[in-house]
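The values are calculated or read from the model by the stated rules, or taken from the named source; none is laboratory data. Quick caveat: nothing in here was measured; it's all calculated off a predicted structure. Glycine gets a Cβ as well: all are built from the backbone with ideal geometry, and neighbour counts include every protein chain shown. For the accessible areas, the whole protein counts, side chains as well, though only heavy atoms, and no ligand, DNA or RNA atoms are used. Shrake-Rupley method; radii C 1.70, N 1.55, O 1.52, S 1.80 Å.
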Amino acid sequence: TEVAYCSRQTGRVRLRQTGGKRIFPDTESQGLLEQWHTEVSDSRSVQLDQVDGHSETIASLPVFLPNGDLETLHAALLIRGGRIEPLVVSLQLLATGLSSWYARLAARQTEFEAHVSSALIELIGKCNQAASLAASHFTLVTELQQLIGCNTVAIAVAGKRNQLRLAAMTGVSHVDQKSAFCRDLVDCATETQTRGSLTNWPPMSSNDQQATRIHQYVVQQHNVEAVMT
């Protein structure tokens, strides 16, 4: 059975994944998948079609998302003397399972966001209760380390001429501004400040590889798994 999966993003249908290389990969077939996606989304029911030159029946099924949107599952079924209904029922169970998985994923995401929001409110309260700004910085990095679960958290602040320096770092009571690790972290923060957006290595996309060379250097130089600023 050859399978394809479609979703709608920013108003356009996108073929997210294809299993098999015989029916679905060519441009004409992908256009049909997009058309069937729209038709199934409108009817919200199973649809059966065929692709010219192929004997398989294409079953298109709606996959319901928690936010009310729909994605579609397309499966090519080759029927030889049998009935197609049992196969369609099996696919309907699969589509229902996918919908349930999305619902559980959304519930876990909501639960996680609620946990993070509660933790951040508690963190702000602890920082406000600190005796000094330096103590507030240390509280911030310590609590964030426990919340995120990473090895090291540091905070960089802008000083004279908008130059950054480390104000606090987990694991130390006094930040050695001259140490190689601290200087490299400041360079990472400066790179992020220049980019004006979240910066990390390994990068989340190939477009970020050239703009995150300092982060890459820190990962390689200090033998850490990842760095994000």
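Things worth noting here:
- Scoring His137 on the criteria (1) at pLDDT 90 or above; (2) surrounded by 14 or more Cβ atoms within 10 Å (Cβ to Cβ); (3) under 20 Å from the mean Cα position of the chain (by Cα) leaves a single failure, condition (3).
- For region 201-229, taking the residues that are at pLDDT below 85 and outside any helix (DSSP H, G or I), the one that is nearest to Ala156 (Cα to Cα) is identified as Thr212.
- Filtered residues of region 136-151 (kept if free of Cβ contacts under 8 Å to residues at least 60 places away in the same chain and among the polar types (S, T, N, Q)): Ser136, Thr139, Thr142, Gln145, Gln146
- One residue alone among Leu185, Leu147 is out of contact with any Phe, Trp or Tyr (no Cβ under 9 Å at 6 or more places or on another chain) and crowded, with 17+ Cβ neighbours inside 10 Å, and that residue is Leu185.
Residues are listed down the side, and each one gets a yes or a no for (1) within 30 Å of Arg44 (Cα to Cα); (2) aliphatic (A, V, I, L, M):
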{"residue": "Pro86", "(1), (2)": "yes, no"}
{"residue": "Ser90", "(1), (2)": "yes, no"}
{"residue": "Tyr102", "(1), (2)": "yes, no"}
{"residue": "Leu105", "(1), (2)": "yes, yes"}
{"residue": "Ala114", "(1), (2)": "no, yes"}
{"residue": "Leu120", "(1), (2)": "no, yes"}
{"residue": "Leu133", "(1), (2)": "no, yes"}
{"residue": "Leu140", "(1), (2)": "no, yes"}
{"residue": "Leu164", "(1), (2)": "no, yes"}
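- Residue match in region 29-47 (condition: open to solvent by 70 Å² or more (accessible area, probe 1.4 Å), among the basic types (Lys, Arg), touching a strand residue (DSSP E or B) at 6+ places or on another chain (Cβ under 8 Å) and modelled with pLDDT under 80): no
- Some residue of region 144-153 being at pLDDT below 90, under 30 Å from Ser7 (Cα atoms) and among the β-branched types (Val, Ile, Thr): no
- Scanning region 54-113 for residues that are in contact with a helix residue (DSSP H, G or I) (Cβ under 9 Å, 6 or more places away or on another chain), modelled with pLDDT of 90 or more and open to solvent by 40 Å² or more (accessible area, probe 1.4 Å) yields one hit, Phe64.
- Of the residues making up region 118-128, one or more are open to solvent by 40 Å² or more (accessible area, probe 1.4 Å) and within 24 Å of the chain's Cα centre (by Cα).
- Region 164-180, residues that are surrounded by 10 or more Cβ atoms within 10 Å (Cβ to Cβ) and over 17 Å from Thr139 (Cα atoms): Leu164, Arg165, Asp176, Gln177, Ser179, Ala180
- For region 21-38, a tally of residues being in contact (Cβ under 8 Å) with a residue 12 or more places away in the chain, farther than 17 Å from Leu77 by Cβ and polar (S, T, N, Q) returns 2.
- Residue within region 189-203 that is among the aliphatic types (A, V, I, L, M) and open to solvent by less than 50 Å² (accessible area, probe 1.4 Å) present: yes
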